[in-house]
1. Look at the range 241-282 and say how many of its residues are open to solvent by 50 Å² or more (accessible area, probe 1.4 Å), in contact with a Leu (Cβ under 9 Å, 6 or more places away or on another chain) and not in a loop (DSSP other than H, G, I, E, B).
2. Only residues that are closer than 17 Å to S169 by Cα and in contact (Cβ under 8 Å) with a residue 40 or more places away in the chain: list them for the range 222-263, please.
3. Out of the residues in the range 66-90 that are assigned to a helix (DSSP H, G or I) and charged (D, E, K, R), which is surrounded by the most Cβ atoms within 10 Å (Cβ to Cβ)?
4. Of all residues in the range 1-25, which are of a type outside the set (S, T, N, Q), modelled with pLDDT of 85 or more and open to solvent by 40 Å² or more (accessible area, probe 1.4 Å)?
5. Can you go through R286, R292 and tell me which one is closer than 17 Å to W231 by Cα, touching an Asp or Glu at 6+ places or on another chain (Cβ under 7 Å) and assigned to a helix (DSSP H, G or I)?
6. Under 6 Å between Cβ atoms, at least 6 apart or on separate chains: pull out the pairs that start in the range 264-277 with a residue that is under 15 Å from A166 (Cα atoms) and end on any residue that is outside any helix (DSSP H, G or I) and of a type in the set (A, V, I, L, M, F, W, C).
7. Among the numbered criteria (1) touching a helix residue (DSSP H, G or I) at 6+ places or on another chain (Cβ under 8 Å); (2) at negative phi, which one does A302 miss?
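The values are calculated or read from the model by the stated rules, or taken from the named source; none is laboratory data. Note that the structure is a prediction, hence the values are computed from the model and not measured. Note: ideal-geometry Cβ built from the backbone for every residue, glycine included; neighbour counts use all protein chains shown. Heavy atoms of the whole protein, side chains included, go into the accessibility calculation; ligands, DNA and RNA do not. Shrake-Rupley method; radii C 1.70, N 1.55, O 1.52, S 1.80 Å.
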Amino acid sequence: MDGQGQMAKMGWSRFVAMIAVSSTVMFFLMYQLVYSPDHALFSLNRLLASLVMGCVMTVIMLGFMWSMYEGRVLKLVVLAGAILAGAGLLAGPLKITATPGQIRSAGADLANSLHDILGDAQARSGVTYLLTSLRTQDPSKMKTLTDNLIADCAIGRRALLIRRSARFSATRVASLIAHEVETHVMVAENGRRQPFAIFERGLAHALETQEGLAVVQQERVLPPQHEKRGWPALGVLAVSYALSHSFAETRAYIRRLGFSDQRALRTCEKVKRGLARTVEPGGFTRELVYLRGALAVRAFIAGGGDLRRLYVGRVSLEELPICAHVKELLPPLSLPLWLRERGEKEVENMKNEE
C-alpha cells in the first residue's frame with residue numbers, strides 16, 4: 001500500500017511538471033509570430049493564452065489517463081479546477097478594466113513597444129496628467145485595452161481605449177498626448193463642468209471642429225517632415241478612392257502614394273469599416289473630418305481667433321457666436337500648458353496697461 005501511495009504521489013508530481021513545462025514551451029513558441037526581434041517583449045495576452053492551453057491540456061490528458069491516477073475525489077477536484085480556471089482566464093480578458101493606479105500598467109503595456117518612452121519626460125508628464133484628469137472616473141468603466149478598435153487609441157466619454165496590438169514611437173506618444181489628452185480629454189472635462197450637458201455630449205457640428213483642433217494640437221509637437229502630418233490629407237484621398245474601388249485596390253493606391261504597407265492597411269481598415277463585402281466600392285467617410293476641421297481651425301487662428309473658446313466643451317466653430325450669448329457658460333478650466341501660459345501673459349499685460 002505504501003508503495004502504491006508513493007507511486008501515485010510521484011505520478012501526480014510528474015503530471016503537474018508535464019503541464020507546467022508544456023505551458024511554458026507554448027508561451028515561448030507563440031513569439032515566433034512577432035514581426036521583428038525587438039517586438040519580442042512580455043505579452044499578457046500570450047501568458048493568458050498559455051495558461052488557458054495548460055488548463056485544456058489538464059482536462060484532455062487527465063481524461064485519457066484517468067485510470068493511471070489514484071484518488072477519484074482528487075481527480076475530480078483537479079478536473080473541476082482546470083475547467084474553472086480555464087473558463088475564468090477566457091472570461092477575464094473580456095472584462096479587463098483599469099483603476100487610476102493601473103493605468104500605468106496600461107501605459108506600460110503600451111510602452112513595452114515604445115522604445116523607452118516612459119523615460120521621456122514629455123510622455124511621462126502626459127501620462128501623469130491623464131491620471132489626474134481621470135481620477136474622478138468610475139474605475140469599472142475605464143476600459144483601456146481592447147481588441148475592438150481600428151484606431152490605435154481613442155478617447156470616449158469615460159474611457160481611454162488603446163488597441164492591444166498598437167505600437168508607438170516616442171514622437172507618436174507626444175502627438176497622442178497632444179491629440180487625445182490635451183484636446184479630447186480636456187475638452188470633455190471642461191464640457192462636464194458646464195451647466196448644460198450638451199457641452200459634454202457635443203453640439204451638432206462639433207466632431208469636425210474638435211478633430212481639427214486635435215490635428216492642429218498634435219502638429220505643434222510633430223517634426224516638420226513627420227509622416228503623421230500627412231495622415232489627414234491621406235484620409236481624404238483614401239475615402240475618395242475607396243468610394244469607387246475595392247479594399248485591395250485602395251490599399252495598393254495608398255502604397256503608390258509612398259506610405260508604408262502597414263499604414264496603407266490601417267487606413268483601408270478605417271475607410272472600409274462597416275462594409276459587408278470589402279471587394280465592392282464604397283467607404284466610411286469619417287476620415288474627411290480631420291483635414292476639413294484642421295483647415296477650418298487654422299483659418300480661425302489666422303483670423304485672430306482664440307483657441308481657448310474651443311475648450312469650453314464640445315463646440316463647433318459655426319456655433320461659437322451662439323455660445324457667446326450663453327451667460328451661464330463657464331470658462332475652460334483644463335487647458336494645454338502653452339494656452340494657459342498665453343492667457344496668464346495676457347492678464348499680466350492688461351494689469352500693466354492699467
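1. 1
2. If the condition is that a residue be closer than 17 Å to S169 by Cα and in contact (Cβ under 8 Å) with a residue 40 or more places away in the chain, then L222, P223, H226, K228, W231 are the ones that fit.
3. The selected residue is K75.
4. Listed by number, the residues that qualify are R14, V16, A17, M18, A20, V21, V25.
5. Working: R286 fails: touching an Asp or Glu at 6+ places or on another chain (Cβ under 7 Å).
So the residue among R286, R292 that is closer than 17 Å to W231 by Cα, touching an Asp or Glu at 6+ places or on another chain (Cβ under 7 Å) and assigned to a helix (DSSP H, G or I) is R292.
6. Correct list of pairs: E269/I150; K270/I150.
7. Exception for A302: condition (1).
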